[in-house]
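Q: What follows is a single structure, and I will ask about it in a moment.
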Amino acid sequence: MTALAQRVPSRFLPVLATVVLFVLAFGVGSVRYDGFASGQVIANLFIDNAFLIVLAAGMTFVILSGGIDLSVGSVVALSTMVTAAGLRAGWPVPLVIIAVLLIGSTLGLLMGLVIHKFDIQPFIVTLAGMFLARGLCFLISVESVSIKDTTFRDVATAVIELPGGVTITYNVIIALLVVLAALYVLHRTRFGRTVYAVGGNEQSALLMGLKTSRAKVGVYVISGFCSSLAGLLFSLYMLSGYGLHAVGMELDAIAAVVIGGTLLAGGVGYVLGGLVGVLVLGTIQTLISFQGTLSSWWTKIVIGVLLLVFIAVQRTMMRGRFRSLA
């Protein structure tokens with residue numbers, strides 16, 4: 001393992017560590033529990049976490065730029081409420097989808113502009129956005145709103161059959177398409193390269209003539225869009241809208257991205273790392289479900305420990321990099 005670490009560039013080591021962690025966790029489950037290694041269990045990891053995969057993809061953009069977005073969980077809840085209320089009012093499904101995506105993207109745009117124009121810490125601005133979005137949920141309804149639209153329910157219950165009797169939902173396809181789109185934007189476009197540059201050193205990016213302001217605002221638009229899309233997927237998953245949906249989901253998304261190897265300081269990280277981070281969290285939850293006697297709160301405990309470990313590893317890597325530069 002030491003020889004492998006010497007051959008692999010340091011920027012890939014956190015992602016490699018996450019992949020190894022996922023393989024080990026899944027291997028433990030396969031050895032201890034019958035049926036754990038089935039194809040449907042793997043498919044269920046994607047089915048049950050499709051909305052979190054989309055959320056993590058958007059959060060990766062923000063953290064790569066050196067920012068943070070605490071509003072995403074509340075935007076997910078607001079999206080479920082708008083979806084449920086719109087369908088209940090008789091809006092056609094395409095109109096509901098467009099409205100939800102526009103609301104999430106607009107909230108992201110407004111937060112990004114405030115952060116950039118007034119030079120306010122992203123933590124403060126997105127915290128305000130979190131309270132705003134959560135409050136708007138309860139202006140729509142204080143009760144849970146069931147989704148009864150037949151078209152929406154048909155899409156929610158439809159499955160895609162894969163070889164071996166494995167089935168997935170359309171949510172999984174959408175989530176994987178979002179990951180592919182995020183990969184393309186980050187690694188094949190000027191905007192993506194600018195995001196990395198801003199997170200690495202914004203002053204250097206400015207000196208290189210990069211449009212840093214567009215990138216700093218744009219990452220929050222992307223995060224808002226992904227949050228609202230995740231809300232639509234969560235609506236399909238839950239078939240309801242509720243103001244208390246997705247409480248704490250922003251922390252799950254941040255944890256998945258950090259465990260996936262993206263540096264909180266920005267400039268280093270990969271969308272695929274966030275995807276694997278989500279799968280790690282899902283595997284932990286599945287292990288606890290198969291065990292049967294442990295409280296689901298053990299998932300949070302394990303995630304907290306992993307998060308601390310990965311942040312400590314990141315700090316060690318950053319110190320090593322600064323020493324090598326010195």
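The values are calculated or read from the model by the stated rules, or taken from the named source; none is laboratory data. This is a predicted model, so every value here is computed, not measured. Glycine also receives a Cβ, built like all others from the backbone with ideal geometry; neighbour counts cover every protein chain displayed. Surface areas here come from the heavy atoms of the whole protein model, side chains and all, with no ligands, DNA or RNA. Shrake-Rupley method; radii C 1.70, N 1.55, O 1.52, S 1.80 Å.
Q: Run down the aspartates and glutamates and flag those whose C-alpha is under 19 Å from the C-alpha of Lys216, throwing out any fewer than 8 positions away in its chain.
A: Lys216 reaches Asp69, Asp119, Glu202.
Q: With springs connecting C-alpha atoms under 10 Å apart, model the chain as a Gaussian network and identify which of Arg32, Arg193, Arg315 has the largest mean-square fluctuation.
A: Arg32
Q: May I pose another question? Per the Kirkwood definition applied to all pairs of different Cα atoms, how many angstroms is the hydrodynamic radius of the stretch 218-282?
A: Averaging 1/r across every pair of different Cα atoms and inverting gives 12.9 Å.
Q: Sticking with this structure for a sec: At 0.36 nm per residue, and after removing the present C-alpha to C-alpha distance, how many nm does the segment from Ser213 to His187 gain when stretched out fully?
A: So the extension gain works out to 7.5 nm.
Q: Just add up the charged neighbours of Leu210: K/R +1, D/E -1, any other residue whose Cβ is under 14 Å from the Cβ of Leu210.
A: Overall, the nearby charge balance is +4.
Q: What is the local net charge at Ala56, summed over the other residues whose Cβ is closer than 13 Å to its Cβ (Lys, Arg +1; Asp, Glu -1)?
A: Summing Lys/Arg as +1 and Asp/Glu as -1 gives -3.
Q: In whole Å, what three semi-axes, largest first, describe the equivalent ellipsoid of the stretch 179-275 built from its Cα gyration tensor (square root of 5 times each eigenvalue)?
A: Computed over the stretch 179-275, the values are 28, 14, 12 Å.
Q: Right, another one. What are the semi-axes of the equivalent ellipsoid of the stretch 68-140, taken as the square roots of 5 times the eigenvalues of the Cα gyration tensor, listed largest first and rounded to whole Å?
A: 26, 12, 8
Q: Going from most exposed to least, what order do Glu161, Glu202, Glu250 have by accessible area with a 1.4 Å probe?
A: Most to least solvent-accessible, the answer reads Glu161, Glu202, Glu250.
Q: Run lengths n ≥ 4 of DSSP H only: what is the helix-derived mean residue ellipticity at 222 nm for the chain, with -39500 (n - 2.57) per run over all residues, to the nearest 500?
A: Dividing the helical sum by the residues of the chain leaves -25500 deg cm²/dmol.
Q: Could you estimate the translational diffusion coefficient of the stretch 121-262 from the Stokes-Einstein equation, with Rh from the Kirkwood formula over C-alpha pairs, at 25 °C and 0.890 mPa s, in whole µm²/s?
A: 137
Q: Ok, one more. For the chain, calculate the relative contact order in percent as a whole number, restricting contacts to Cα pairs under 8 Å that are 6 or more residues apart.
A: Relative contact order comes out at 33 percent.
Q: Once you list every other residue whose beta carbon is under 10 Å from the beta carbon of Met130, what net charge do they have if Lys and Arg are +1 and Asp and Glu are -1?
A: -1
Q: Give the peptides 125-135, 103-113, 277-287 in descending order of average Cβ contacts within 10 Å, highest first.
A: Descending mean neighbour count gives 277-287, 103-113, 125-135.
Q: Go from 0 up to the bin containing the longest alpha carbon distance in the stretch 31-96, width 10 Å each, and give me the % of pairs per bin.
A: All Cα pairs considered, the percentages come to 17, 28, 29, 21, 5, 0.
Q: A further question follows. Taking the Cα centre of each part, how many Å lie between the stretch 114-157 and the stretch 18-89?
A: Result: 18 Å between the Cα centres.
Q: Describe numerically, in nm with one decimal, the distance between label points set 7 Å from Cα along Cα→Cβ at Leu139 and at Ile311.
A: Taking the simple label geometry, Leu139 and Ile311 are separated by 3.3 nm.
Q: For the stretch 143-183, take the alpha-carbon Rg, divide it by the Kirkwood Rh, and send me Rg/Rh.
A: For the stretch 143-183, the value is 1.12.
Q: Follow-up. In the chain, which whole DSSP H runs stretch at least 20 Å along their own axis (Cα) and average 1.6 or higher on the Kyte-Doolittle scale?
A: 13-32, 39-64, 93-117, 122-140, 170-188, 271-291
Q: At 1.4 Å probe size, what's the solvent-accessible area of His116? Round to the nearest 10 Å².
A: The accessible area comes out at roughly 60 Å².
Q: I need the fraction of alpha carbon pairs in the chain separated by more than 27 Å, rounded to a whole percent.
A: 45
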